[in-house]
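Notes follow once the structure below has been shown.
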Amino acid sequence: MFEFLFKRPGDKPAAAPAAPSVPLNQPNEAAAQRAQQADKVKALAGDEAAAADFIVQSTFSELRLAAAEFIHSPVHLERVHAAMRNTDRRVAKLMQSRLDAIRHHDAEIAKAQACLAQADAMLADAQLTPNQVAALDRAWSVIAAPELGDRFAAARAALAERLGAQVALQRGVIDSLASLRQLGDDAMPAAELAQRLDDLAGSHAAALAAPEHATLPRTLLREFAAEHARLTQALAARPQQQAAPDAAPASSAPAAGDPSAASDPSEGAATDAASDAATDAATDAATGAATDFGTNAGAAAPAPSPAGAAPAPRAPREKRPAAPALPPDQHFLDTLEAMEAAVENGSLANAGELDKVLKDVKGVRLPPAVSERLAHARAELKRLSDWARWGGNVSREELVKAVEQLPALQLGIAELAKKVGSMRERWKGLDTLSGPAPRSLWERFDAACTTAYAPAAAHFKQLAGERQANAAKAQALVAEAAKHAAELAGAENADWKQLAATVQRLRQAWGHLGAIDRKEKKRIEHEFDAALDALQAPLARQRSGAVALREELIAQAGALNAQERNALDTLRALQERWQEHARALPLERKTEQALWVRFRAACDAVFAKRKESAHAADAERRAHELAKEAICERLESAAPTLDAAGAGKLLREAAAEWSAVGPVPRAHEARIDKRHQEAIAAVQQHLDAAKRNASMAQAGALREKLRLCQALEAAVEGQGGAGGGADWSARWSALAPLAKEYERALQQRFDAALGALENGREAYAAALAGNRERLMREVLRLEIALGVDSGSEFARERLKLQVEVLQSSLKSGSKPLTEAAQFVQLCAMPALLDERTASRIEQLFSRVGKDRA
């Protein structure tokens, strides 16, 4: 997080290792090799083995990718993928994608083959259902296997043909049943009715012989058989019904529907009873005939007359007085209508309750039409009840089988318990709809449920034990929390960190507890909350103070000035204080995290500002570096062409500019300083050379002018050739000017000698001769000052002069003249010189005059 603080702006990453030297002819060889391999790639089309070998051996990635386009078989794909997995990512990815496509296609083919096998099995199965075909269509819809599409289409067409045949067959049986019921409603001659019954029986027998007869609903077949048997018995009973009116006594005629018979209550009651018995007998006969349809359907058996027909003749009974019967009231008729509606809707329970209500009504004489309605409703109720009872027992058998198969399904505990519970609920529902079940069947069902539910019962028993153990653990946690609360109340200085850890541990332990019985859970939770509150109350007060301290640290971090020199030290001190507070008293995780996020944001803001300042300073230092680089470049480029005056000016200007420029990056400081010093040294070298050349020129000019003065004085004294003043002046003017003090002294000496040469030569010559001793003394004095050897002949005078000079300096206490000043005085003194003195002056000149000039 703080690495950038310790990173210098000019730091560079470690230098990469030098690349190995490559021969000059290697690129040409690589290009030739690449061209050769490219020609091989063009010839690889259709040869996967050669393409795989080329990819493994080639060193050019683009050529490997081009060769990979020719590989499609799984064997070569696997080989190339294994070889290129860590070498060429593009080729490996292409191979992997093709392998995935092949595996996906193989999986789709396997699924398609499974669907085809399922279709073949369904074609071979006699019991083909539409839901199986729908499931097959759904399975095929998510399969992509065009290779097997034709086979599936053929199989699907065969299945559709079978389903169409099933629909046509069931439609035919339904139409035959409707025709039978219509025959029962129509009043047609017996011969025509018999012919129609035979035709319908033949068509039904053809349906039973059809290839798809196994798919016909059994209920539909039973209803057809029952209806056919009923009509056959009714047809057989027609001759007896036609003979009955002739043999019946006249007293029974009113029972057929004469309203005048209502005056005899006893006869009305007998008629009702007979009507009910006839209805029940007809219903039982129809049901039995339905069961035996196909074996004796054609046999004519005598049967009671249908509902509403006249009862058979019976012996007269003795009339007994009875209470007068009343016609049915509106409530009776409404109840009968409700019963008919319940029977029509199939609500057997409601219809049975309404039938009981009607049976409880006493003293009511029913008209023939109402009696016929009641008999028909009761017959239909009995038929439906028998069907419901039969269907209920069949459903119970299937339910028992389903329960007996539950252990083999290896269901989960929750699903198993749910299944068994739903099975028992369905059994109870069947008891309500279809009546009570046989005891043996109930015992078998109960035993199967108990066996299937055994794993769930054991599991729930185990869970009950675990709940008891969890309750004991919870009670132990409550006791521990109460103990710590008591210790905290009696302690003067509590260990808040330990207390926070204890509270956290208790909470986690409580959260990790399993289920507890509901009757104990509420009480234990209340006790635990009370004990934990006793611990958390003082801890919460301490944490509120800790939060205030953290808020203060956040405010201090936010108020820091990032530009101050000690900002980082202050920030580190704040971070250390934060860590100390966090270790001393941890806060709630959510609160701790929120405060830490704010504190870290404040710290990051300081570091960001420092980083921005560092970047700005780096930019400024880089600008300074560029400015100093420009100064160095100007010094380096101007050094060879400068003279002494220009070099001095350039050095002064460059020094001023260099001082005005700020610091450069530390990493480049030594380099730029070194370059600056080298540039200055180069300029200084040229300046020194120019000065040296000027000094040599000045020394030469001084020597020449001194010699010219000595020659002019010699001419004045008469030792040299005499010339005109113009000649001497021209020679003097031809010489280069000297420094001010030398030029003035020699100019005065030259002018005096030149004037003496033109006017008053004798006096000046005498002065020259008189100055000879003085000049010799000054030469000796300067030799002593410079430490130059004067020669053995001047040893005594040299020693004497040294003592005088020392005594004079001790007495006067004044500072003696410098060697340069003494040399200027020596040059300005006119005197005659011999060869020895002239050579001594030349020697002094080499020590003083040259450097001074």
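No value in this document is a laboratory result; all are computed from the given coordinates. Model, not experiment: these values are computed from the prediction. Methodologically, a virtual Cβ is constructed for each residue, glycine included, from the backbone with ideal geometry; neighbour enumeration extends over all protein chains shown.
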Review point. If amide H atoms are built 1.01 Å from N in the plane of the peptide, which residues on other chains or at least 5 residues away come under 5 Å of the amide H of Leu411?
Key: none
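For the stretch 507-575, run through the GluC sites (Glu not before Pro) and keep only the ones in DSSP coil with at most 16 other Cβ atoms within 10 Å of their Cβ.
Values: sites: Glu520, Glu525, Glu527, Glu551, Glu552, Glu564; in loops: Glu564.
Within the stretch 507-575, the qualifying GluC sites (Glu not before Pro) (loop, at most 16 other Cβ atoms within 10 Å) are Glu564.
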Review point. How are the Cα pair distances of the stretch 600-649 distributed, in percent, across 5 Å bins from 0?
Key: 6, 17, 13, 12, 9, 10, 7, 7, 6, 5, 4, 3, 1
Check your understanding: Viscosity 1.306 mPa s, temperature 10 °C: Stokes-Einstein D of the stretch 327-437 from its Kirkwood Cα radius, in µm² per second?
Key -> 97
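Normalised by the number of residues in the stretch 31-129, what is the relative contact order in percent for Cα pairs under 8 Å and 6+ residues apart? Mind dumping the intermediate values first?
Numbers: 71 pairs, mean separation 19.0, N = 99.
The normalised contact order for the stretch 31-129 reaches 19 percent.
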Check your understanding: Tell me which aspartates and glutamates have Cα within less than 18 Å of Lys691's Cα, excluding those fewer than 8 residues away on the same chain?
Key -> Asp643, Asp851
Point to revise | Karplus 3J(HN,Hα) series, Hz, for the stretch 509-515 with 6.51 cos²θ - 1.76 cosθ + 1.60 (x for Gly, Pro) | key: 4, 5, x, 8, 5, x, 6
Exercise for review: Could you go through the stretch 676-689 in sequence order and give the Karplus-derived ³J(HN,Hα) for each residue, using 6.51 cos²θ - 1.76 cosθ + 1.60 with θ = phi - 60°, rounded to whole Hz, and x for Gly and Pro?
Suggested key: 5, 5, 5, 5, 4, 5, 5, 5, 5, 5, 5, 5, 5, 5
Review point. Between Val364 and Ala154, what is the spin-label point distance in nm, taking each point 7 Å from the Cα along the Cα→C-beta axis?
Key: 7.0
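Excluding Leu148 itself, what net charge comes from residues whose Cβ is under 11 Å from its Cβ, given Lys and Arg +1 and Asp and Glu -1? Don't skip to the answer; put the middle values down first.
Values: positive: Lys111, Arg151; negative: Glu108, Glu147, Asp150.
For residues surrounding Leu148, the net value is -1.
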**Study point:** Amide proton proximity set for Val364, modelled H, under 5 Å, gap of 5+
**Key:** Leu326
**Study point:** Asp688, Asp834 arranged by Cβ crowding within 10 Å, fewest neighbours leading
**Key:** Asp834, Asp688
Review point. Counting other Cβ atoms within 10 Å of each Cβ, which trypsin sites (Lys or Arg not before Pro) in the stretch 642-716 have at most 14 and sit in a DSSP loop?
Key: none
Review point. Tell me, Lys356, Lys93, Lys473 in order of fewest to most beta-carbon neighbours within 10 Å?
Key: Lys356, Lys93, Lys473
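For the stretch 327-437, calculate the relative contact order in percent as a whole number, restricting contacts to Cα pairs under 8 Å that are 6 or more residues apart.
Working: 61 pairs, mean separation 31.2, N = 111.
With pairs under 8 Å counted, the relative contact order is 28 percent.
Find how much the distance from Asp495 to Ala623 grows on full extension, using 0.36 nm per residue of separation minus their present alpha carbon separation; answer in nm with one decimal. Mind showing how you got there, number by number?
Numbers: separation 128, 0.36 × 128 = 46.08 nm, distance 5.87 nm.
That works out to 40.2 nm of additional length.
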Check your understanding: So for Met423, Met84, fewest C-beta neighbours within 10 Å to most, what's the order?
Key -> Met423, Met84
Check your understanding: What list of ³J(HN,Hα) couplings, whole Hz, do you get for the stretch 375-382 from phi and the Karplus terms 6.51, -1.76, 1.60, once you set θ to phi - 60° and write x for glycine and proline?
Key -> 5, 5, 5, 5, 4, 5, 4, 5
